[in-house]
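**Q** Could you have a look at this structure, given as structure tokens, before my questions?
The values are calculated or read from the model by the stated rules, or taken from the named source; none is laboratory data. Since the model is a prediction, treat every value here as computed from it, not as a measurement. Every residue, glycine as well, gets a Cβ built from its backbone with ideal geometry; the counts of neighbours run over all protein chains shown.
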Amino acid sequence: MVLLVDKKDGVATVTLNRPEAMNALSMQLRGAIADAFEALTADDEVRVIIVTGAGERAFTAGLDLKELGSNASALGSAGHQGGALKDPVKAMAACPKPIIAAVNGVAITGGFELALACDVLIASTNARFADTHGRVGIIPGWGLSQKLARAVGVSRAKELSLTGNFIDAKTACEWGLVNRVYAPDELMPAALKLAHDMASVPKTMSETYKKLIDDGFNATLGEAMKLEAETSRQANRAVKPEDVEARRAGIQARARTQ
């Protein structure tokens, strides 16, 4: 199977499973990712999703260049031209649940875009990132040209995209692209702990808050402040004092164990 999905205790781990091809995004794998996210979005038992790659060499090396070189329709689900194939990044964007990228190795071009489709990125010391769209001769269609600049700044994004050079995990962390860097054997335990922390937040609150952050980030500050005020008014009407008190006690208890 080119994609593995494991579900336990409210957390789904989605593993790109083509290690012999550095988890390259073949048409089959792209369709499988889209199908998996559609199913996980509809699954009420899943609260948080982790995306990672099989092995330690690659998160994903991006679109399968061998396939692209032999099949004229292989770009169809990559946002670069029309086509009936499903778009994995669009399926991820439509998912209201938190998505964590556990970047275990290289994330190149389309693989970089897949990582940027996640809400939070953590990485192993094996991780490296590169945007080689310019060198391959393909304009990105999954958002990299816009998301990367917002993540690391316009100047750094131009450096990466106009050279195709790699940055390592340490630099990616310093630039704000990833939140934390771990030894390879510590990456998935860290991802699972983070996922369970997120899963412990009430489902409606988690999904509402994620949407509020995303929608506000895509607006001007003034528009975002108005959006927060309106969302707050609507959501907080349903909050009862006894609920706040019960949750306050839980927060205090949790603080003593962290």
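**Q** Looking at this structure, is Ile49 at pLDDT 95 or above and either buried (at least 18 other Cβ atoms within 10 Å of the Cβ) or not hydrophobic (A, V, I, L, M, F, W, C) (or both)? Let's see the steps before the verdict.
**A** On the way: at pLDDT 95 or above: yes; either buried (at least 18 other Cβ atoms within 10 Å of the Cβ) or not hydrophobic (A, V, I, L, M, F, W, C) (or both): yes.
So Ile49 fits the description; yes.
Conditions tested, residue by residue: (1) within 23 Å of Lys147 (Cβ to Cβ); (2) in contact with a strand residue (DSSP E or B) (Cβ under 8 Å, 6 or more places away or on another chain); (3) surrounded by 13 or more Cβ atoms within 10 Å (Cβ to Cβ); (4) at pLDDT 85 or above.
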site	(1), (2), (3), (4)
Leu221	yes, no, no, yes
Glu228	yes, no, yes, yes
Ala246	no, no, no, no
Gly250	no, no, no, no
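**Q** Let me ask another. So Glu186 passes all but one of these: (1) modelled with pLDDT under 95; (2) part of a helix (DSSP H, G or I); (3) within 22 Å of Val14 (Cβ to Cβ). Which condition number does it fail?
**A** With respect to (1) modelled with pLDDT under 95; (2) part of a helix (DSSP H, G or I); (3) within 22 Å of Val14 (Cβ to Cβ), Glu186 is out only on (1).
**Q** Looking at Leu160, Leu177, Leu192 in this structure, which one is assigned to a loop (DSSP other than H, G, I, E, B), at pLDDT 95 or above and surrounded by 16 or more Cβ atoms within 10 Å (Cβ to Cβ)? Walk me through it before giving the result.
**A** Numbers: Leu160 fails: assigned to a loop (DSSP other than H, G, I, E, B); Leu192 fails: assigned to a loop (DSSP other than H, G, I, E, B).
Leu177 is the lone residue from the list that is assigned to a loop (DSSP other than H, G, I, E, B), at pLDDT 95 or above and surrounded by 16 or more Cβ atoms within 10 Å (Cβ to Cβ).
**Q** Which strands (runs of 3 or more DSSP E) does the range 105-155 wholly contain that include 3 or more residues that are touching a residue at least 40 places away in the same chain (Cβ under 8 Å) and under 12 Å from the mean Cα position of the chain (by Cα)?
**A** Working: elements: 106-108, 120-124, 128-130.
Counting at least 3 such residues, we get 120-124.
**Q** Counting only residues that are part of a loop (DSSP other than H, G, I, E, B) and modelled with pLDDT under 75, which one in the range 61-75 is surrounded by the most Cβ atoms within 10 Å (Cβ to Cβ)? Talk me through it step by step, then tell me what you get.
**A** Here is the first cut: in the range 61-75, the residues part of a loop (DSSP other than H, G, I, E, B) are 61-62, 64, 71-75.
Checking the rest, the ones that are also modelled with pLDDT under 75 come to 71-75.
Numbers: Asn71: 13, Ala72: 9, Ser73: 14, Ala74: 22, Leu75: 19.
The residue in question is Ala74.
**Q** A further question follows. Just need a number here: residues in the range 16-60 that are of a type in the set (Gly, Ala, Ser), assigned to a loop (DSSP other than H, G, I, E, B) and within 28 Å of Ser200 (Cα to Cα). Outline the logic, then answer.
**A** Restricting attention to the range 16-60, the residues satisfying the condition of being of a type in the set (Gly, Ala, Ser) are 21, 24, 26, 31-32, 34, 36, 39, 42, 53-55, 58.
The next check asks that each one be assigned to a loop (DSSP other than H, G, I, E, B); those that pass are 24, 26, 54-55.
Of the ones still in play, those that are also within 28 Å of Ser200 (Cα to Cα) are 54.
Number of matching residues: 1.
**Q** Just name the residue that is surrounded by the fewest Cβ atoms within 10 Å (Cβ to Cβ) out of those in the range 195-208 that are modelled with pLDDT of 95 or more and aliphatic (A, V, I, L, M).
**A** Ala199
**Q** Any residue at all in the range 141-148 that's over 26 Å from Arg30 (Cβ atoms) and surrounded by fewer than 23 Cβ atoms within 10 Å (Cβ to Cβ)? Give the derivation first.
**A** Within the range 141-148, the first condition is being over 26 Å from Arg30 (Cβ atoms), and the residues that meet it are none.
Within the range 141-148, none of the residues are over 26 Å from Arg30 (Cβ atoms) and surrounded by fewer than 23 Cβ atoms within 10 Å (Cβ to Cβ).
**Q** Still on this structure, please answer the following. Please verify whether the range 76-86 includes one or more residues that are buried (at least 20 other Cβ atoms within 10 Å of the Cβ) and at pLDDT below 95. Lay out the reasoning, then the answer.
**A** From the range 76-86, those buried (at least 20 other Cβ atoms within 10 Å of the Cβ) are 77-78; that's our starting set.
Filter once more, keeping what is at pLDDT below 95: 77-78.
Within the range 76-86, one or more residues are buried (at least 20 other Cβ atoms within 10 Å of the Cβ) and at pLDDT below 95.
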